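Presented below is the structure to which this report refers.
The values are calculated or read from the model by the stated rules, or taken from the named source; none is laboratory data. The structure presented is a predicted model; accordingly, all values stated were derived computationally and were not measured. Note that we place each Cβ from the backbone using ideal geometry, even for glycine, and neighbour counts take in every protein chain shown. SASA here: full protein model, heavy atoms, side chains in, ligands and nucleic acids out. Shrake-Rupley method; radii C 1.70, N 1.55, O 1.52, S 1.80 Å.
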Amino acid sequence: MTNVNVDNFSSAAQSGSQFVLAPLPYANNALEPVISANTLSFHYAKHHNTYVTNLNNLVAGTELAGQSLEQIIRATAGQTDKASIFNNAAQVWNHMFYWLSLKPNGGGEPPAALKQKIEAAFGSVDACKKALATAAVTQFGSGWAWLVLDGDKVSIAKTSNADSPLTKNIRPLLTIDVWEHAYYLDYQNRRPDYVNTILEKLINWDFAAANLG
Ligand code: MN
């Protein structure tokens, strides 16, 4: 697929009125040795898939059936009686976005337009990576670290559990999953090693650049 970005990627989760497990953009072993095939297959085929199954069960027969992931996320954010629907919809969205935020032979230098915005906000690409790593490492418990576009400025966000910058109308550019299931089989408690290694070797700057819109 070409021109996949934050505005269109989630349509791969939808087939008619049902949500489906969208294909991984690479093979289970494509991110080795940084993320093992074992981790990736559990994470995708068990964790991600469970959110899809739960979401279908929760929205069946409700006014949310047939709506897009983004519509469901925005319609249920902050509503305690719809927390399960929000959590599962947001986790489907977040995981699809995470798979696209990584790629085999990633890392390196961002494309020029993104690099310019990163340097304007952080001074350097290294400083941006350090800020993203700090957000990922200091997110207490389960959650996500994000590179985002807030207005015209690139910045960093972190969210707990299933939460997403989407609910604050901030545009995600990249994400790192810091739930333990994302790294525990490979790194055990060493979250900083997982985060720093994916920033060096897997982060997909091309996807982030495509998300500038
Ligand atoms: Mn996950």
Tell me, which helices (runs of 4 or more DSSP H) lie completely within segment 80-158 with 2 or more residues that are assigned by TED's automatic domain parsing to the domain that holds Q67, within 16 Å of the ligand (Cβ to nearest atom) and closer than 18 Å to N5 by Cα? 83-101
Regarding segment 204-213, can at least one residue be identified that is more than 16 Å from Y98 (Cα to Cα) and modelled with pLDDT under 95? yes
Test: R171 is outside the structural domain of I85 (by TED's automatic domain parsing), surrounded by 16 or more Cβ atoms within 10 Å (Cβ to Cβ) and closer than 13 Å to V34 by Cα: no
Those residues of segment 174-187 which are open to solvent by 30 Å² or more (accessible area, probe 1.4 Å) and either in contact with a Pro (Cβ under 7 Å, 6 or more places away or on another chain) or part of a loop (DSSP other than H, G, I, E, B) (or both) amount to W179
Among the listed residues N54, N49, N5, N28, identify the single one that is under 24 Å from V148 (Cα atoms) and among the polar types (S, T, N, Q). N5
Among the numbered criteria (1) out of contact with any Leu (no Cβ under 8 Å at 6 or more places or on another chain); (2) at pLDDT 95 or above; (3) surrounded by fewer than 18 Cβ atoms within 10 Å (Cβ to Cβ), which one does A75 miss? (1)
I need the full set of residues from segment 157-174 which are in contact (Cβ under 8 Å) with a residue 24 or more places away in the chain and over 14 Å from L212 (Cα atoms), in order please. N161, A162, D163, S164, L166, T167
Mind listing whichever residues of segment 133-179 are acidic (D, E) and within 11 Å of the chain's Cα centre (by Cα)? D163, D177
The correct count of residues that are more than 15 Å from the ligand (Cβ to nearest atom) and assigned to a helix (DSSP H, G or I) in segment 15-52 is 1
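Give segment 159-191 a look and list any residue that's among the hydrophobic types (A, V, I, L, M, F, W, C) and within 13 Å of the ligand (Cβ to nearest atom), or say none.
Of segment 159-191, the ones among the hydrophobic types (A, V, I, L, M, F, W, C) are 162, 166, 170, 173-174, 176, 178-179, 182, 185.
Hits for segment 159-191 are A162, I176, V178, W179, A182, L185.
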Does A208 satisfy being buried (at least 20 other Cβ atoms within 10 Å of the Cβ), out of contact with any Gly (no Cβ under 9 Å at 6 or more places or on another chain) and among the small types (G, A, S)? yes
Scan segment 79-88 and give yes if some residue there is small (G, A, S), open to solvent by less than 40 Å² (accessible area, probe 1.4 Å) and in contact with a Leu (Cβ under 8 Å, 6 or more places away or on another chain), otherwise no. no
